[in-house]
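FYI, it's all coordinate maths here, none of it is from the lab. Keep in mind it's a predicted model, so treat the numbers as computed, not measured. Positions of Cβ are backbone-derived with ideal geometry, glycine not excepted, and every protein chain shown enters the neighbour counts.
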Amino acid sequence: MKWLLGLGFALSLAAADPAVLEKGKAEEKRACVACHGTRIVHVQRLSRAQWERELTKMAGWGAPIRDREALLEYLLANYGDDKPVAPLPRSEDASNSKR
Amino acid sequence: MFSRRKWMKVLGAGMSALDGWGQGPLRFPGKRPMLVQNDFPEDLETPVEYFDTWITPNDAFFVRQHLPRPKVDAGSWRLKVGGMVSNPLTLTLDDLKKMPPVKVPATLECAGNGRANYRPKVPGLQWSKGAIGNAEWRGVRMADLLKRAGAGAGAKYGNFNGADNGVAKTPDFIRSIPMRKLMHEATIVALEMNGAPLPEIHGFPARLVVPGWDGASWVKWVTEMDLSDEPSKGFFFATAYRYPKYSPVPGSAVKPEDMEVLEGMAVVSYFARPVHGSAAKKGSPLRLQGVAYAGENRVSRVEVSTDGGSKWIDAKLSPQNYPFAWRLFTFVGRRGYRVSHPLFEGHGFSGARAAGGMPVESVRVHV
C-alpha cells in the first residue's frame with residue numbers, strides 16, 4: 001500500500017505543476033467553448049470522481065478533448081470541491097422597462 | 001461605503017475580466033441585472049430581492065437553456081402534432097391564435113433550484129434560490145389540440161421537441177409528458193407571458209406550460225408533439241431530471257433503476273429578505289419576506305418561527321390563492337431573533353412539518 005500512497009503523493013505534486021495547469025486551461029478553451037461558455041464549468045465545485053464523470057460525458061457528446069489529464073488537473077486545482085465558491089457576477093441592466 | 005449591490009457589481013466586473021475569453025460584457029437584452037450562471041447559452045438566476053411582486057416581470061424572470069437558443073421566424077414556424085393521432089396537424093402561429101385562449105397563472109421552477117446549497121456538491125448549475133418565478137401565461141389548451149388531432153386511445157405520452165438542436169453530439173432536448181397531465185385544463189401551449197408575446201429567451205413563439213411540474217417539462221420553442229405509447233429514450237428524459245425514489249445518504253450513488261421521473265414539484269419556500277448575514281437596524285422591526293410554492297397544490301399557510309422552531313406564527317400571505325402559483329409571505333418580527341425557515345402547508349400537505357418533509361433554511365441578521 002505504501003507505494004500507492006507514494007504514487008498518490010507524486011500525482012498530487014504533478015497536479016500543482018503550473019505548466020500542467022496552463023495546458024489544462026488551454027485545453028478547456030480549445031475543447032469546451034465551441035459548445036458552451038466556461039462559466040457553467042467555473043460555477044461548479046466538484047470532486048475528482050465527479051469531474052471525471054463530467055469529462056467522460058462531454059467527450060461522449062463530442063468534446064474534442066486531447067489532454068484529458070491536464071484538463072482534469074486544471075479543473076481540480078481551480079474548481080475542486082475543496083475550493084471556495086465565488087459569488088456570481090451580475091449582468092448590466094438591459095431591461096427596457098422603467099421601474 | 002459600498003452597498004451590497006454595488007459591491008457585487010464591482011466583484012462581477014472583476015470576475016468577467018479574469019474569466020472572459022472574448023465573452024464580452026455581461027448584458028442580456030430585456031433583462032435587469034441577473035446573477036450569471038452562464039452566458040452561452042444564457043443561464044440567468046433571479047436575485048431573490050426581486051421577489052417582491054406576485055408576478056415576476058419578464059425582465060426579471062430566470063432563464064435556463066441547455067442548448068444554444070434557436071432563432072425562430074414567426075412566419076415559418078409550425079407546430080406539428082403527429083404520431084398516434086387520427087388527424088395529424090401542422091399549425092401556424094395564426095392557427096393557434098384562432099383557438100380559444102386561456103390564461104393560467106403558474107410558477108415555473110427549475111428542478112435544480114437550490115442546488116448550490118447541497119453538501120456534498122453535485123454537478124450542474126449552482127442555483128441558489130432564484131431559479132423560480134411566477135407568471136401569467138396565455139395560450140391554447142393542450143386538451144383542445146389533442147381533441148383536434150384526434151389523439152388515439154393507445155397514446156400514453158406526448159413527446160415534445162423544440163426548435164433548439166444539440167451541438168456536436170449533445171443530445172436533442174426532448175421531453176415526454178403523460179396524457180393525464182396533457183389533458184389537464186391548466187396545461188397549455190403558451191404564446192404570451194405576462195401580457196406580452198413570449199420573449200425569445202423564454203421560448204418564442206410557443207412553449208409548454210405544465211403547471212406544478214419542473215421547468216424541464218416546459219419545453220420552449222416547441223415545434224413537435226408526437227403522441228406515442230412510450231416515452232422518449234433520449235438523455236434529457238430517460239437519464240436527466242430524475243430524482244431518487246428514496247432519500248439517499250447525501251453524496252451516495254443511486255442506481256438508475258432507483259431513479260424516477262420528476263413530475264409535481266415539492267413544497268418549497270425561499271426567504272427573499274433579509275439576506276442571510278445582513279445587518280438590521282437596531283430597534284427597527286424585522287420584516288421577513290419570501291415566496292412559497294407547493295407544485296400542483298395551493299399554498300394555504302406559511303408559518304414562521306423566531307425561536308428556533310418551538311413556536312410557529314402565521315405569516316401574512318398575498319391574496320392570490322391558486323393551485324400551481326406561488327404566494328408571497330411577509331412577517332414582521334422583533335429585532336434580534338434568529339428566524340428559522342418558514343414552514344407551510346399546501347393542500348394535502350398537512351402534517352408536512354411533522355413528517356420532516358421540509359428542508360430547513362435559517363436566516364440570521366446582525367443587529
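Values for this structure:
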quantity	calculated
Shielding score for B:38-46, defined as the mean number of other chain Cβ atoms within 10 Å	4
Exercise: per-residue mean of other protein chain Cβ atoms within 10 Å, B:28-37	6
Proximal charge balance of B:Glu200 [Cβ under 10 Å; K/R count +1, D/E count -1]	+3
Candidate aspartates and glutamates - alpha carbon under 15 Å from A:Lys23, same-chain residues fewer than 8 apart omitted	A:Asp67, A:Glu69, A:Glu73
Full-stretch length increase - B:Glu260, B:Asp314 - with 0.36 nm per residue and alpha-carbon distance subtracted	16.0 nm
Neighbour-count order for B:Ser247, B:Ser300, fewest beta carbons within 10 angstrom listed first	B:Ser247, B:Ser300
For B:Leu91, distant residues with modelled amide H under 5 Å away	B:Leu79, B:Lys80, B:Val81
Neighbour-count ranking [beta-carbon atoms within 10 angstrom, fewest first] of B:Arg301, B:Arg287, A:Arg39	B:Arg287, B:Arg301, A:Arg39
Relative contact order [Cα under 8 Å, 6+ residues apart], segment B:79-261, whole percent	25
For segment B:247-281 versus segment B:191-221, the gap between their alpha-carbon centres in whole angstrom	24
Phi to ³J(HN,Hα) by Karplus 6.51 cos²θ - 1.76 cosθ + 1.60 over segment A:66-80, Hz, x for Gly, Pro	9, 9, 4, 4, 5, 4, 4, 5, 4, 4, 5, 5, 9, 10, x
Ranked list, fewest to most other Cβ atoms within 10 Å of each Cβ, for B:Leu67, B:Leu26	B:Leu67, B:Leu26
